[in-house]
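K.L.:
First the structure, then my questions, so here it is.
The values are calculated or read from the model by the stated rules, or taken from the named source; none is laboratory data. Treat the numbers as computed from the prediction; the structure is a model and nothing was measured. Every residue, glycine among them, receives a Cβ derived from its backbone with ideal geometry; neighbour counts consider all protein chains shown. Just the protein is used for accessible areas: all its heavy atoms, side chains included, with ligands, DNA and RNA removed. Shrake-Rupley method; radii C 1.70, N 1.55, O 1.52, S 1.80 Å.
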Amino acid sequence: IREFVIVQVLGRDLSLTDRTEIWNLVLAAGTNPLLGAGYYSFWLGPRAEQIWMDRPGINQSHNGYIEAYINGGVAAIALLVFFLIWIRRSQSKAMSLDSKFGVFGYSILIVALVHNYSEATFFRMSLLWFLLVLLSFGVRAREAPKAPANKGYTKAIR
């Protein structure tokens with residue numbers, strides 16, 4: 001009940017300021033479940049006009065996961081999941097090397113996962129997406145150079 005009071009004091013509601021209604025409208029508009037509507041073509045044509053009857057001028061679903069699904073279907077969701085797992089694995093490796101960069105990368109990943117629940121920033125030109133892409137290109141901690149193996153040779157004493 002405390003959460004409800006806090007949300008009310010902030011002038012918001014539990015539907016994330018009507019985002020859940022937007023999600024229902026967008027999903028009801030229908031797309032190909034496997035491939036979606038095509039890369040950013042959901043918001044063009046009759047589907048957008050239908051949604052604009054209820055929500056004039058809206059141009060995104062306000063959910064990164066739904067946005068990926070409506071534009072690219074299950075295929076886009078699978079690629080997104082693969083991409084996020086790739087980033088998580090690279091940041092786990094960086095953290096295992098005691099890299100502060102690994103902690104930063106994990107933080108960005110968690111922020112992106114949570115942020116895209118109420119905003120659609122996956123696949124958009126945003127700082128958050130740029131940082132995720134940067135993390136995916138292998139900006140990782142470098143391993144400490146390994147000492148050469150001792151092959152039984154000893155240094156001569158002078």
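K.L.:
Within the stretch 42-77, how many residues turn out to be hydroxyl-bearing (Ser, Thr, Tyr) and out of contact with any Lys or Arg (no Cβ under 9 Å at 6 or more places or on another chain)?
P.N.:
2
K.L.:
Just one of LEU79, LEU113, LEU34 is surrounded by fewer than 18 Cβ atoms within 10 Å (Cβ to Cβ) and outside any helix (DSSP H, G or I); which is it?
P.N.:
LEU34
K.L.:
Related question: Consider only pairs whose beta carbons are under 6 Å apart and that are at least six residues apart or on different chains; among these, list those whose first residue lies in the stretch 27-54 and is under 19 Å from ILE77 (Cβ atoms) and whose second residue is open to solvent by 40 Å² or more (accessible area, probe 1.4 Å) and not in a helix (DSSP H, G or I).
P.N.:
Sorted first by the residue in the stretch 27-54, then by its partner, the pairs are TRP43/ASN59.
K.L.:
Could you please find all residues in the stretch 88-127 being in contact with a Phe, Trp or Tyr (Cβ under 9 Å, 6 or more places away or on another chain) and not charged (D, E, K, R)?
P.N.:
Selection gives GLN91, SER92, ALA94, MET95, ALA112, ASN116, TYR117, ALA120, THR121, PHE122, PHE123.
K.L.:
I'd like the full set of residues that are surrounded by 14 or more Cβ atoms within 10 Å (Cβ to Cβ) and part of a loop (DSSP other than H, G, I, E, B), limited to the stretch 41-54.
P.N.:
Once the filter is applied, which keeps residues that are surrounded by 14 or more Cβ atoms within 10 Å (Cβ to Cβ) and part of a loop (DSSP other than H, G, I, E, B), the stretch 41-54 yields SER41, PHE42, TRP43.
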